[in-house]
There are 2 protein chains.
Amino acid sequence: MGSIVELIAKKRDGEALSNDEVARVIQDFTSGAMTDYQMTALLMAIFFRGMTDGETVALTNAMLHSGEVLDLSRIDGKKVDKHSTGGVGDKVSICLAPLVAACGVRVPMISGRGLGHTGGTLDKLEAIPGFSVNLSTSDFERIVRDVGTSMIGQTATLAPADKRIYALRDVSATVESIPLIVASILSKKLAEGIDALVLDVKVGRGAFMKSIENARALATALVRVGTAAGKKVVALLTDMGAPLGRTIGNANETREAIEVLHGKGPEDLIHCTLKLGAEMLVLGDGATSLQDAETKLRTAISSGRGIETMAKLIAAHGGDARVAEDPSRLEMAANVTNVTATSDGFVTEIDALELGLSGVLLGAGRSRADQKVDHAVGIDLLVDRGQRVARGDLLCKVITRNGDAPIDRIRSAFRIGESNIERSPLVLERIA
Amino acid sequence: MGSIVELIAKKRDGEALSNDEVARVIQDFTSGAMTDYQMTALLMAIFFRGMTDGETVALTNAMLHSGEVLDLSRIDGKKVDKHSTGGVGDKVSICLAPLVAACGVRVPMISGRGLGHTGGTLDKLEAIPGFSVNLSTSDFERIVRDVGTSMIGQTATLAPADKRIYALRDVSATVESIPLIVASILSKKLAEGIDALVLDVKVGRGAFMKSIENARALATALVRVGTAAGKKVVALLTDMGAPLGRTIGNANETREAIEVLHGKGPEDLIHCTLKLGAEMLVLGDGATSLQDAETKLRTAISSGRGIETMAKLIAAHGGDARVAEDPSRLEMAANVTNVTATSDGFVTEIDALELGLSGVLLGAGRSRADQKVDHAVGIDLLVDRGQRVARGDLLCKVITRNGDAPIDRIRSAFRIGESNIERSPLVLERIA
């Protein structure tokens, strides 16, 4: 096998690396024999030349085995996770994981933090007083066994090569590469010890993938490579033109997710949760069909088993479980600014990207990974796409500590037209 | 202007960077605000996307101004340098610089060291006892003024950005990019304070550019960009299929170069020296035509002014000037192994690459930049291409400390065929 420089040159010249060569790259990078500046050169070569499915599987496996791989085989039943490529208002994991667990399928979930306009499940969970997302993998395993689901952050021991490579991609303009995205997502998820994975690939202005074609290409690659790596994988492409649900922030998003488990909450969030959950139940042998699965999920809501599981999850993570019964206990800041319509008409668009970026300005999100977020601020939407409004009607409430908010920017995210639009379905495609 | 990541993405996506953006990259890289791993990602993007002439001029200027730029305007007359892209047996600079200086054109020359199969002028000069190539730029300037030529290594203060970028390219598989090669060569050469530059772009197995098309593309880019940067530039494409001259090593190569100044030496080396020197004299206003220039150079040899200048150059650099009169004073190792022909026929090929790599194995060259070379070992060729040999005839002598030499490899570099070949001319093309 050639030197690392020769392997970079091989990829640069459009040849596929062998499994052994890919493994060598990740081993040498992990040991320090391959430097960061060699890795970014290789990443840029991969950006231009792509990778075959075989190379992407090899890269996924190599990054997966750069650290600890959880073995959940001691826990009975199938373990199934869901991964979202990130959006605005996407609090699905928080209601989905307990709901699926309540239906008997285990959900071991390693989640992320918000960055840029997209939020992160860990930040939202931390809005619950006492809730810790920094548990050891043995605590994680115990909670998955006892409660049915646990949600923690990526530890230093899980897929460490991915962690370092992701940090380099972020600062070297090599993020937007499908094989690199696929290997990054799958290596982390496979390290959880799952049997199957449901992917929520977001599409639209508020998503990483702006076009349906790019989203489809990513979803297809994820399903192909995940299947080749021996897992059952299904992907749904879902609309992220507008925020999901009616809240953007942290505490308010967690509140809304909990409301879903109480049989309330906005229609699109319920729909997204049920569709993803149904796929998880079927993959996890918890239902015989998607229809059967949806019925089981709805029953878990109406019977209260979903919210019971949520309460146990919170308690197991050291959080205040009373929040499950009464999500209004979550602290929200006191200053509320009303944003109103300046004309009559129909709400034709609610720009997820602009509202996500406004959330960052409010302090609910972060533009750099080392920033803290304020869990108690955010935006509560009061209208939906397609809704008729009159001048002066409330569009949203902006919750801040002191009233500082980019109100004009937030108002301009609501496009109001004379004629109504036809809303696209939330689930655009299913790829299996 | 965008962030460094945005500039990398811009180049990655095939857009040209503005002059200000290129300058910003080099400034941030020099200051440390742009990391090595960001630079290699950009270098790989440049490898794939190329650069416009405008970008390459901007990159050359930015790297040039990353350090000290010599001002030789206090020295009368034109200052002209020659740069070779590197080959095997290429000792031209050592006879060329004093010869051109003897004809009244100043030659300030920053040279390099050998790496891989190609030799370096600095290593060859250091075979002269006492000769120092590590002089300050003020000593360099003084010697150029007093002797007419000086030859030193790249100092820490001249084009430091190029030095760091070159080191990164070497280990990130981004060497073979014409705009990067052009900016690297020209930034160093322009830092010398020259008015004009003659380029010897080597072509063939022993050269960096193996094909005439690639060599022509590089030469054309060098001439275009150098001209756009305000210098007079001419390039010759010269054959590097076989070694230049009859020696490969250090002391033996310096001896051969000195012999040229004594009116001796092999025909191809004399020819190459005169052709390059003629271009330099014309660009430096030292001759009215190439023919006039060649006559002046021949006269400088026959009159002894060339070798006198060589003696002064050696003395000015602290070396033993008696070597100029008697190059056999240069130490060669005692162990000589004869390599003989194993069949009758014509020498159809003498593989420069194989002999260059064999030289590295002997210790005359280096495979890593931090290795030392042994000046006293090498290979002396005793046949030329096209020459008829009989089985048992001497092909070359291998000079070693202890007899250890890859004799079979060296022998196989000489291809002996039944019918003779037509030799290509040494100077293949002239690009101005």
### Message
Given a Förster distance of 51 Å, report the FRET efficiency between residue A:394 and residue B:53 from their Cβ-Cβ distance, rounded to the nearest 0.05.
### Response
0.30
### Message
7 Å along Cα→Cβ for the label point: how many nanometres lie between residue A:69 and each equivalent label in the other copies, listed shortest first?
### Response
5.7
### Task
Note down the net charge around residue B:219, summing +1 for each Lys or Arg and -1 for each Asp or Glu among other residues with Cβ under 12 Å from its Cβ.
+1
### Query
What percent of all Cα-Cα pairs in the range B:1-61 falls in each 10 Å bin, counting up from 0?
25, 63, 12
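How big is the convex hull of the Cα atoms of the range A:10-160, per residue, in Å³?
Numbers: hull volume 22.3 nm³, N = 151.
Normalising the Cα hull of the range A:10-160 by residue number yields 148 Å³.
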### Summary
Relative contact order of chain B (C-alpha contacts under 8 Å, at least 6 apart) in percent is 20
### Summary
If N is the residue count of chain A, its Cα Rg over 2.2 N^0.38 Å rounds to 0.98
### Message
Just to be sure I understand: of the beta bridges DSSP finds with both ends in chain B, what percent are antiparallel, rounded to 5?
### Response
55
### Query
D for the range A:149-294, whole µm²/s, Stokes-Einstein with Kirkwood Rh over alpha-carbon pairs at 20 °C and 1.002 mPa s: what number?
127
### For peptides B:71-77, B:37-43, B:153-159, B:113-119, sequence by mean Cβ density within 10 Å, most packed first
B:37-43, B:113-119, B:153-159, B:71-77
### Query
Non-local amide H neighbours of residue A:340 (under 5 Å, H modeled in plane, Pro and chain starts lacking H): which ones?
A:395
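Please tell me the relative contact order of the range B:253-319 in percent, rounded to the nearest whole number, where contacts are Cα pairs under 8 Å and at least six residues apart.
The normalised contact order for the range B:253-319 reaches 30 percent.
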## Note on the structure
Counting Lys and Arg as +1 and Asp and Glu as -1 over every other residue whose Cβ sits under 10 Å from the Cβ of residue B:135, the net charge comes to -1
### Summary
The answer for residue A:84, listing residues at least 5 apart or on another chain whose modeled amide H is closer than 5 Å to its amide H, is A:200
### Message
Debye calculation, C-alpha points only, no solvent: report log10 I(q)/I(0) for the range B:274-332 at q = 0.25, 0.28, 0.29 Å⁻¹, in the same order as the q values.
### Response
-0.92, -1.00, -1.03
### Query
How big is the Kirkwood radius of the range A:200-254, worked out from every pair of different alpha carbons and given in Å to one decimal?
12.4
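Quick one, can you get me the convex hull of the C-alpha atoms of the range B:114-156 expressed as volume per residue in Å³?
78
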### Message
Please give me, ordered by residue number, the trypsin sites (Lys or Arg not before Pro) of the range B:159-204 that lie in loop per DSSP and have at most 13 other Cβ atoms within 10 Å.
### Response
none
### Spatial extent of the range B:279-382: Rg and Dmax, with the Cα atoms as the point set, Å
19.2, 51
### Summary
HN-Hα couplings for the range A:379-394 via Karplus (6.51, -1.76, 1.60; θ = phi - 60°), in whole Hz with x for Gly/Pro, come out as 10, 10, 7, 10, 10, 10, 4, x, 7, 7, 10, 10, 3, x, 5, 5
### Task
Go ahead and run the numbers for FRET between residue A:419 and residue B:289, Cβ-Cβ distance against an R0 of 51 Å, rounding to 0.05.
0.05
#### Entry: At 1.306 mPa s and 10 °C, Stokes diffusion of the range B:219-354 via Kirkwood alpha-carbon radius, µm² per second
90
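On alpha carbon coordinates alone, what is the Rg over Rh value for the protein assembly as shown, Rh being the Kirkwood radius? Intermediate results must be reported in sequence, preceding the final value.
On the way: Rg = 35.3 Å, Rh = 31.3 Å.
Looking at the protein assembly as shown, the ratio lands at 1.13.
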### Summary
Kirkwood Rh over alpha-carbon pairs of the range A:332-373 plugged into Stokes-Einstein at 10 °C, 1.306 mPa s gives a D in µm²/s of 124
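Write down the Kirkwood hydrodynamic radius of the range B:146-196, to one decimal in angstroms, obtained as one divided by the mean of 1/r over all alpha carbon pairs.
For the range B:146-196, inverting the mean 1/r across all distinct Cα pairs yields 12.2 Å.
For a protection proxy built on the mean count of beta-carbon atoms within 10 angstrom, sort A:274-280, B:144-150 highest first, please.
Values: A:274-280: 25.7, B:144-150: 21.3.
So the order, starting with the most tightly packed, is A:274-280, B:144-150.
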### Query
Rg (Å, one decimal) plus Dmax (Å, integer) for the alpha carbons of the range A:17-106?
17.9, 48
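Looking at the range B:371-432, what % of the alpha carbon pairs are farther apart than 18 Å?
Values: 1005 of 1891 pairs.
Pairs farther apart than 18 Å: 53 percent.
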#### Entry: Value of Rg to Rh for the range A:75-193 (Rh from inverse mean 1/r over Cα pairs, i.e. Kirkwood)
0.96
### Task
Starting at the first residue of the range A:213-223, write each ³J(HN,Hα) from the Karplus equation 6.51 cos²θ - 1.76 cosθ + 1.60 with θ = phi - 60°, in whole Hz, x for Gly and Pro.
5, 5, 5, 5, 4, 5, 4, 4, 5, 4, 5
#### Entry: Counted charge near residue A:363, where neighbours are those whose Cβ lies closer than 11 Å (Asp, Glu -1; Lys, Arg +1)
+1
### Query
How large is ³J(HN,Hα), in whole Hz, for each residue of the range A:173-190 in order, when computed from phi with the Karplus curve 6.51 cos²θ - 1.76 cosθ + 1.60 and θ = phi - 60°, using x for Gly and Pro?
6, 10, 6, 7, 10, 4, x, 5, 5, 4, 5, 5, 4, 6, 5, 5, 5, 5
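For the protein assembly as shown, what is the mean residue ellipticity at 222 nm derived from helices alone (per DSSP H run of n ≥ 4: -39500 (n - 2.57); sum divided by total residues; nearest 500 deg cm²/dmol)?
The helix contribution divided over the protein assembly as shown gives -13500 deg cm²/dmol.
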### Query
Taking the simple approach of a point 7 Å from Cα along Cα-to-Cβ for both residue B:156 and residue B:372, what is their distance in nm?
2.2
### 16 Å reach of a label modelled at residue A:228, 7 Å along Cα-to-Cβ, counting backbone N of the range A:160-200
A:178-187
### Query
Which lysines, on any chain, are close to residue B:79 with Cα under 20 Å apart, when same-chain ones fewer than 8 places away are left out?
B:188, B:189, B:231, B:232, B:275, B:296, B:312
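None of the figures in this text is laboratory data; all of them are computed from the coordinates on show. The shown structure was predicted, so the numbers you read here are calculated from the model rather than taken from an experiment. FYI the Cβ positions are ideal-geometry reconstructions off the backbone, even for glycines, and counts take in every protein chain you see.
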